[in-house]
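Let me begin by handing over the structure; questions about it come next.
Read-outs throughout are calculated quantities, based only on the coordinates presented, and are distinct from any laboratory measurement. Quantities reported herein were computed from a predicted structural model and do not represent experimental measurements. Cβ sites come from the backbone with ideal geometry, for glycine too, and all protein chains shown count toward neighbours.
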Amino acid sequence: MAVTTSPQASAAALDKTLRSERSEVYPHQVWYLVGGFIALVALFHWVSWAVAQLSKKSRSQEQHTTKDVEAGAKSPSGRFSVRRLPLALVNLYRIVAFRCTLQIGNTYTLNLAEVFVTCAYIAALFTWNFINTTTVEGHKFDISYWGNRAGSIASSQFPLVTVLGTKNNVLSYITGISYDKLNYIHRMTARVTFVLLWVHSGAKLSTATSAEFNEWFARAGLIGTIAFSVLIIVSLRPIRARAYELFFFTHFMMVLIFLVGGWYHANQVNMGYYLWPCFVIWGFDRVVRVARVLIFNHLYFLFSSKSSSLDADIELLSPECVRLRMERPSHFRWRAGQTAYLIMPGVSSTPFEAHPFTIASIRGASPKAGIVSDTEKVVQRTDGWNELVFLINVRNGFTKRLAEAASLDQKAKVLVDGPYGFSPDLDNDDTVVLVSGGSGVSFTLATFSDTVNRVREGRSKCRRIVFIWAIRDPSQMEWISTALGDALEAAPSSLDISVLVHITARSSTSDGRPRSISPLSMISMIEFPSVQVVSGRPDFEILLKEEAEVTSGRMSVTVCGSQAIASACRAALRFPTSSAASVAKGGPDVVLHVESFGYA
């Protein structure tokens, strides 16, 4: 006797088959798109790197004479050149993608490249989630189609979210983007998947029976989603900035709960393979970090007789700044501008709490390694050349406790993990402009000293360095007086240097104009003719425009300061002198590097 199947049953079976197939295939398609974009960014990075290396090799070992300086400072010819058209288009892309910004609130901005990536990622995930959700019988946006699919697509993205949040990740090395800059993408992808998870959870909560909800895999999924929700809330910028330690510990616990619950939930529907790689990625990062700590600080752990000499000197330079100095650990190598994580058991609230800070010193040779020539001064390796030096901005929590310890004039045990981050390659730049505010000078000071050294050694074509530092009080100049003075002493005579220190506290003449501060009232470093100290905030539009007008080659602007300083520099570099039309007529090729100021 033949068994007949009703049309409704056949349609339901076909719907189930389509839902299952699309829930499996669509997350893979999303990954094809994401992987293709990563490959494209990596291709651009490595092509740029190859061009830079070829440029270094093809550059002759020219002597930096006064004639060379004047040749590098000539004005643009004003004639349009077809040869410079590709370079002009590259500068147009830089202006549009990285210097045009979208203001969010009073203190946060996104450049258009970040806006584009964010919108494209949201559009991709939600398009794949809601496309083809019409049932066989014609019901559009059927919840049974997009409800489960939202969970599948969200789960597929968690390996990406995890790798973007680690300090040692392959994406940084193949794209050339340091982990701290990838952190924005980490937060963005986490928040998009958070919305998708609640789309999935909301759909299931509205359709699930009490029997289905009583199953452990459903409860595990809900617990994981709630934990992830708590994590998203504490990761909001105002909370991270005001209560970083709360964010740090909550982040750790909620991630653990979420991954365990999420894996158990997804594994029941044969999709656990999206979640277990997260444990591997996170574990690998932790193993590498622990290995670094053990290797670089092994004398501490071996209870060596030298361990006491490794303790760091902490000095309260001002109520808002602490200087930490320590002997360079064995085998620890770093480049100018990189960061290191410091673990200070006597100061931290927990023994293994780690905080990142920029290394303000550079790695150098001993005094005997210097080579004397008629045109070059011997570099005197004084404080900081073979030490790790940090200028730490005092806020709340860890840094406040560090300032209290510094006020007691005590040494502290410090374990170092690092270095992290990538330094901008400035060797092909004719003019290097370094801009910082407050403790952001840690980054620009190290970059300044390193650039001077590389010019001396013939590894950089830089002809002019402009160092701009905005501070609130003249006493803050003591933070860097010794290191900056050493770099100025070491600079070859062919290198044109201009150091501009702006005191932003109100101090003006009777007519309201900025008042120049007398060198006699300042500390020793302004005895150098290249150093100028003035009162008033720097006008970046004027300063950067003037530098661009006298530069015909490549000009880089590196910024490490507050959001206000970064925004002002971005706006200043949208001026006509650095436009695509100006570049095509012989104007400078302008590159902007913006480093994050603070971790939160």
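Calculate the spin-label point distance for V280 paired with R574, positioning each point 7 Å from the Cα along the beta-carbon direction, and give it in nanometres.
Placing both labels 7 Å along Cα→Cβ, they lie 4.5 nm apart.
Here is a follow-up. Sort S449, S481 by Cβ crowding within 10 Å, fewest neighbours at the top.
By the 10 Å Cβ count, ascending, the order reads S481, S449.
Please list, in chain and number order, the residues 5+ apart from V435 or on another chain whose amide H is under 5 Å from its amide H, with Hs placed from the backbone.
I468, T558, V559, C560
Which value in nm describes the separation of the simple spin-label points at Q103 and S48, placed 7 Å from the Cα toward the beta carbon?
Each label point is offset 7 Å from its Cα along the Cβ direction, giving 2.8 nm.
Here's another thing I want to ask about it. FRET efficiency for D539 and T350, Cβ-Cβ distance as r, R0 = 41 Å, nearest 0.05?
0.35
Full-extension gain between F213 and N396, please, as 0.36 nm times their residue separation minus the C-alpha to C-alpha distance. Write out the running numbers ahead of the final one.
Numbers: separation 183, 0.36 × 183 = 65.88 nm, distance 4.39 nm.
Stretched out fully, the F213 to N396 stretch lengthens by 61.5 nm.
Still on this model: Using a basic spin-label model with each label point 7 Å from the Cα along Cα→Cβ, how many nm lie between D473 and L18?
About 7.1 nm, to one decimal.
Right, next: For V96, V287, V199, what ranking results if the residue with the fewest other Cβ atoms within 10 Å of its Cβ goes first?
Values: V96 15, V287 11, V199 20.
Ordered by Cβ neighbours within 10 Å, fewest first: V287, V96, V199.
Same structure, new question: Could you give log10 I(q)/I(0) at q = 0.14 Å⁻¹ for the range 183-302, computed by the Debye formula over C-alpha point scatterers of equal weight, without solvent?
-0.72
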